[in-house]
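> Structure in structure tokens, see below.
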Amino acid sequence: MIEVRNVSKSFGGKKALDSINLTLPQGQIVGLFGENGAGKSTLMKCILGFLRFSGEITLDGEPISSRNIARLSFATNEHSFFPNLTAQAHMEFYQLHFPKFNEKRFRGLMEFFELPANKALRHFSTGQKNQFEVILSLCQGADYILMDEPFAGSDVFNREDFYKVLLGILEPTETVLLATHLLEEVEHFIGRAILIRRGRIVGDISMLELEESGRKLIDYVKETYHYQADRVSKALNELTGEQ
Amino acid sequence: MRQGVSVLMLAAGSTLKKLLGLFVIMAAAQSTLFYFALQKSLDGEPVGLEQLISQSRMAIVAGVGFLLLCALLSLTACEIGGSKLRYTMHRLSIPERTTVLLWAGHNAVCFFLFWIVQLGIAFLLCRLYVTEMGGSAYVSKQTILLAFYRNSFLHSLLPLAETSRYIRNGILAICLGICAACFSFRQRHDKKGIAVVVLAALTVVSFSQAMGSLAIDIFLSLVALSIAAGALIGVWRVGSYENEL
């Protein structure tokens with residue numbers, strides 16, 4: 001289990017994360033939602049040890065360090081692969097560094113997304129690069145797969161396919177933390193939704209609870225964010241001078 | 001062990017073709033310039049080998065080639081291909097600092113190769129001079145040997161009995177290798193690396209030294225060692241897990 005306790009992070013005096021408390025047990029698909037700059041990426045980077053922070057983040061009671069970092073993988077729309085290497089070369093390289101690398105899953109996903117194995121990644125399209133980034137993160141044998149807007153810039157079919165595949169291949173012990181804006185797209189694939197706003201967790205609910213209460217994820221988000229439904233009409237009235 | 005080799009292969013894989021290309025272009029440029037200078041010499045007033053080496057601008061072409069090599073090695077593993085390699089480097093099974101040392105070794109080998117290739121080109125062109133100018137008063141059995149004593153550039157490439165120059169060149173290759181590896185490390189950590197720029201400029205300016213310039217050789221070696229040590233300390237200070245990616 002990943003435990004995030006009282007984690008805060010500031011950039012030049014501006015608080016990006018403010019006393020975050022969170023637990024991520026194994027075997028969940030968790031959606032992390034929030035507007036741009038809400039702190040989604042910062043939280044993920046703190047969990048992965050890419051950023052210094054105050055507070056504590058542990059993985060099964062141990063701080064996250066070089067000893068256990070292989071239990072976490074990361075897919076980001078910034079991409080983290082080697083652009084000059086081919087997909088095949090990546091597989092061989094990752095197999096050496098991540099002993100639990102799942103070659104069968106890698107080959108299966110490469111085939112499913114119809115990605116070329118022997119073409120340097122810099123020649124891939126943006127959609128293909130996103131797919132490959134996600135494939136790499138899913139095949140490292142990590143228990144916790146952190147995805148930060150992995151499909152930014154990809155088309156809807158691309159994303160649909162990915163969600164379906166994700167549900168089909170995940171082992172019961174694998175956890176996915178998926179940061180995205182695309183609430184409606186992912187609500188049928190996640191088991192839990194965490195809302196982050198201005199560096200604070202403002203909502204954390206299981207999809208089962210939501211379902212039982214007869215609400216949709218978007219309703220829960222609007223309710224949590226105190227969304228004013230008449231905001232648009234008011235603004236339009238002011239702009240056009242109509243009553 | 002295998003993980004270390006895999007990291008080395010990453011660097012070697014992305015530099016090998018470019019390195020070979022650089023050698024071919026450098027050899028072609030130097031051969032062409034030398035050939036034209038030689039033809040001019042054959043058609044007009046003949047000149048000695050050392051003078052022809054100077055006239056053919058061999059040292060300048062070598063300097064440009066050397067700077068290109070520095071750039072090539074420094075930019076390897078930099079985040080210039082639209083990918084944040086830092087996230088992967090941070091999670092590999094070998095620490096990023098170890099990777100810097102491995103890549104420094106790889107870079108040093110590339111600089112040694114550059115030295116050997118440049119020496120080979122220079123020697124072949126000297127042989128061409130001897131063949132073309134055979135029978136003239138400018139050629140004797142010792143023409144090439146004497147040229148490597150008298151011409152500063154050739155002497156610095158092959159210092160013959162001057163051991164201190166070999167040591168200086170070795171130190172330069174190793175220090176440049178370290179600085180180039182530190183450059184990409186610093187770039188991945190959003191920091192600037194100027195050590196390789198300073199050392200490359202210093203090397204270009206002061207590589208060609210006349211025979212017996214022991215004091216300059218020692219000074220250059222010490223400066224190179226200081227710059228490389230500074231670059232390595234910088235890497236250790238930046239660290240890996242303590243740093244913000």
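The values are calculated or read from the model by the stated rules, or taken from the named source; none is laboratory data. Quick caveat: nothing in here was measured; it's all calculated off a predicted structure. Cβ placement follows ideal geometry from the backbone for every residue including glycine, while neighbour counts extend to all protein chains displayed. Only protein heavy atoms, including side chains, enter the accessible area calculation; ligands, DNA and RNA are left aside. Shrake-Rupley method; radii C 1.70, N 1.55, O 1.52, S 1.80 Å.
> If you keep only loop residues by DSSP, which GluC sites (Glu not before Pro) in the range A:149-243 have at most 15 other Cβ atoms within 10 Å of their Cβ?
A:242
> Restricting to Cα pairs below 8 Å that are 6+ residues apart, what does the relative contact order work out to for chain A? Please round to a whole percent.
26 percent.
> How many nm is it between the label spots at residue B:142 and residue B:161, if each spot is 7 Å from the Cα in line with the beta carbon?
Going from the residue B:142 label point to the residue B:161 one covers 1.1 nm.
> How large is ³J(HN,Hα) for each residue in the range B:17-29, as worked out from phi by the Karplus curve 6.51 cos²θ - 1.76 cosθ + 1.60 (θ = phi - 60°), to whole Hz, x for Gly and Pro?
Karplus-based 3J(HN,Hα) across the range B:17-29 equals 5, 5, 5, 4, x, 4, 4, 5, 5, 5, 4, 5, 5 Hz.
> At a probe radius of 1.4 Å, figure out the A/B buried accessible area, summed over both chains, and give it in Å² to the nearest 100.
2400 Å²
> Let me ask something else about it. Mark the label point 7 Å from the Cα of residue B:205 along Cα→Cβ and return the residues of the range B:59-95 whose backbone N is within less than 19 Å of it.
Backbone N within reach: B:59-68, B:70-71.
> Could you check which residue among B:11, B:195, B:224 shows the biggest mean-square fluctuation in a GNM of chain B with a 10 Å Cα cutoff?
B:11
> When only Cα pairs under 8 Å and 6 or more residues apart are kept, what is the percent relative contact order across chain B?
In percent, rounded to a whole number, it is 25.
> Using the Karplus equation 6.51 cos²θ - 1.76 cosθ + 1.60 (θ = phi - 60°), what ³J(HN,Hα) coupling, rounded to whole Hz, does each residue of the range A:131-146 give in order, writing x for Gly and Pro?
Karplus values, whole Hz, x for Gly and Pro: 4, 5, 4, 5, 4, 4, 5, 7, 9, 7, x, 7, 7, 10, 10, 9.
> Under the rule of at least 5 residues apart or a separate chain, name every residue whose amide H is placed under 5 Å from the amide H of residue A:203.
The answer is A:195.
> If I build a Gaussian network model for chain A, linking alpha-carbon pairs within less than 10 angstrom, which residue out of A:108, A:199, A:39 has the largest mean-square fluctuation?
A:108
> How far, in degrees from 0 to 90, does helix B:163-188 lean away from the longest principal axis of the Cα atoms of chain B, to the nearest 10?
For B:163-188 against chain B, the angle is about 40 degrees.
> Same structure again: Report the gain in length on full extension from residue B:64 to residue B:39: 0.36 nm times residue separation, minus Cα-Cα distance, nm rounded to one decimal. Don't skip to the end; give the middle numbers.
Values: separation 25, 0.36 × 25 = 9.00 nm, distance 2.40 nm.
Gain on extension, residue B:64 to residue B:39, equals 6.6 nm.
> Right, next: Can you list the HN-Hα couplings for the range B:189-200, worked out from phi with the Karplus curve (6.51, -1.76, 1.60; θ = phi - 60°), rounded to whole Hz and with x for Gly and Pro?
Once θ is set to phi - 60°, the couplings for the range B:189-200 become 9, 6, 10, 8, x, 9, 4, 5, 5, 4, 5, 5 Hz.
> I'd like to know how the range A:2-201 sits against the 2.2 N^0.38 Å rule of thumb: what's its Cα Rg over that expected value?
It is 1.00.
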